[in-house]
Amino acid sequence: MSTLHAGYFTEGLDADPELAAALRGELKRQQDGIELIASENIVSRLVLEAQGSVLTNKTVEGLPYARYYGGAEFADAIEALAVERAKKLFNCRFANVQPHSGSNANAGVFLGLLKLGDTILSMNTAAGGHISHGHPATLTGRDYRIVPYGVSRETERIELDELRTLALDHAPKLIVAGGSAYPPAIDFAGMRAIADEVGALFMVDMAHFAGLVATGLYPHPFPHAHVVTSTTYKSLRGARGGIVLWNDASLNDRINYGIFPGVQGSVMMHAVAGKAACFGEALKPEFHAYNEAVLANARAMAAALATEGLRIVGGGTDCGLMLVDLSPLGVTGDIAAKALEKAGLAVNKNLVPFDPRPPEAPSGLRLSSNAGTARGFGIAEFETIAGWIARVVKAPADAAAIAAVRAQVTSLCASFPIYA
Ligand SMILES: *Cc1c(COP(=O)(O)O)cnc(C)c1O
């Protein structure tokens, strides 16, 4: 008897009806619903194919043209292509495209640049920071001494004088900018000046605004940052994974060894191919137009939500994401997010700055225009969506209203098909 089932090399998903049914369900969920979760986007068929390619079979360790295993000629070419494109996209001298995720990019940089117990000044998760910047529940939180900074109560923004005081008091070895729920533009030059004053390195994690940086629509972290990290599947609209970028050749070994063997083993070459594909797309003029629309759509949605009486944290946004404070409406983020999901609008509950409520039932919602813009929605559609959001969050128990919105969501999605 053959050791392979019939169709092993030819059949595809038909060979596994149970899995296929769930995948078809997921495709339909994406096609028929509106994705407003900031950590998601909708990739091209090209990125899907690159990431689902035969590179799944290839194992390599080390950097291109200096691998431990043989048979790496095409893997080398693909990774070198991804590195070249990343450097061009972000106008920097060095790139490592191997991190399996944004968290791994950050952990690898910390491992390469810091010693156990060194002090890191990074944004509090309660104020919009990301857990991979030293949350106590993570390895980074255990291995380094974390001093968290937040935002000011009045402006809901990072205030450099407060940050400077913390830096002078704690003498960090690394200052980290960037987070997952911080909509305003960050003053990278101001933060670098503080880092220089206390002798710290300065890192920017641009996961949520990398696409805008690449297209000149958000302040550029270089030349201010010593090192920049990002995910590649949020605002970069590409493969799952992370990247590290830098300019100073004296950091090469520390960063590269920090990623491998520091926090990872072999390269996920299929994801690297997906990164090469999305960086190639990001170098085209259409990606600039996409990012202009991301910003215009986010601002239009925030303004329309404010007109409906919802409070936008910080008064607006400089990137694709925004935070909505629901506390004036007397509804919590968890209840609002569940009702919105029933209406076909995917969002996530989120803490707002100085939230008196717990993370499981916080005061806010986080929304993003990234994915909707990728499927072609413009300002008119985002204003309409804002109206639907307001209707649902003002009456989260009104089943008839939710059903009415769900029908309109389905019909809007049918006019903007994906993977048809
Ligand atoms: C999403 C995110 C990450 C982590 O990405 P994973 O791929 O989930 O590990 C890191 N930093 C920031 C700022 C993020 O938003």
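Restricting to region 377-399, count the residues that are open to solvent by 40 Å² or more (accessible area, probe 1.4 Å) and not hydrophobic (A, V, I, L, M, F, W, C). Number satisfying all stated conditions: 6. Ala306: without any contact (Cβ under 8 Å) to a residue 12 or more places away in the chain and more than 30 Å from Arg45 (Cβ to Cβ), yes or no? For Ala306, the condition - without any contact (Cβ under 8 Å) to a residue 12 or more places away in the chain and more than 30 Å from Arg45 (Cβ to Cβ) - is met. The residues of region 131-156 that are over 27 Å from Gly112 (Cα atoms) and surrounded by fewer than 19 Cβ atoms within 10 Å (Cβ to Cβ), listed by number, are Ser152, Arg153, Glu154, Thr155.
Test of understanding: among Ala82, Ala72, Ala95, which residue is touching a Lys or Arg at 6+ places or on another chain (Cβ under 9 Å), away from the ligand (no atom under 16 Å from the Cβ), closer than 16 Å to Asp205 by Cα and in the same structural domain as Phe209 (by TED's automatic domain parsing)?
That would be Ala95, the only listed residue that is touching a Lys or Arg at 6+ places or on another chain (Cβ under 9 Å), away from the ligand (no atom under 16 Å from the Cβ), closer than 16 Å to Asp205 by Cα and in the same structural domain as Phe209 (by TED's automatic domain parsing).
Considering each residue of region 351-364 in turn, none proves to be surrounded by 23 or more Cβ atoms within 10 Å (Cβ to Cβ), modelled with pLDDT of 95 or more and under 25 Å from Gln31 (Cα atoms).
The single condition from (1) in contact with a Leu (Cβ under 7 Å, 6 or more places away or on another chain); (2) outside any loop (DSSP other than H, G, I, E, B); (3) not basic (Lys, Arg) that Ala289 fails is (1). Checked against (1) closer than 25 Å to Gly129 by Cβ; (2) open to solvent by 20 Å² or more (accessible area, probe 1.4 Å); (3) out of contact with any strand residue (DSSP E or B) (no Cβ under 6 Å at 6 or more places or on another chain), Arg311 passes all but a single condition, namely (3).
Comparison of Gly364, Gly314, Gly320, Gly372 shows that the only residue that is in contact with an Asp or Glu (Cβ under 8 Å, 6 or more places away or on another chain) and under 11 Å from Leu36 (Cα atoms) is Gly372.
Can you tell which of Gly199, Gly190 is open to solvent by 10 Å² or more (accessible area, probe 1.4 Å), more than 16 Å from the ligand (Cβ to nearest atom) and at positive phi? From the options Gly199, Gly190, the qualifying one is Gly199. For Pro183, the conditions (1) open to solvent by 30 Å² or more (accessible area, probe 1.4 Å); (2) within 17 Å of the chain's Cα centre (by Cα) are fulfilled apart from (1). Within region 109-130, the residues that satisfy the criterion of being closer than 28 Å to Lys275 by Cα and either surrounded by 24 or more Cβ atoms within 10 Å (Cβ to Cβ) or within 14 Å of the ligand (Cβ to nearest atom) (or both) are Val109, Phe110, Ser122, Met123, Thr125, Gly128, Gly129, His130.
Among the criteria (1) open to solvent by 30 Å² or more (accessible area, probe 1.4 Å); (2) outside the structural domain of Leu351 (by TED's automatic domain parsing), the one Asn291 does not fulfil is (1). For region 239-248, enumerate the residues that are within 12 Å of the ligand (Cβ to nearest atom) and either hydroxyl-bearing (Ser, Thr, Tyr) or assigned to a loop (DSSP other than H, G, I, E, B) (or both). Selection gives Ala239, Arg240, Gly241.
The values are calculated or read from the model by the stated rules, or taken from the named source; none is laboratory data. Quantities reported herein were computed from a predicted structural model and do not represent experimental measurements. Note that we place each Cβ from the backbone using ideal geometry, even for glycine, and neighbour counts take in every protein chain shown. The accessibility values were calculated without ligands, DNA or RNA, using every heavy atom of the protein model including side chains. Shrake-Rupley method; radii C 1.70, N 1.55, O 1.52, S 1.80 Å.
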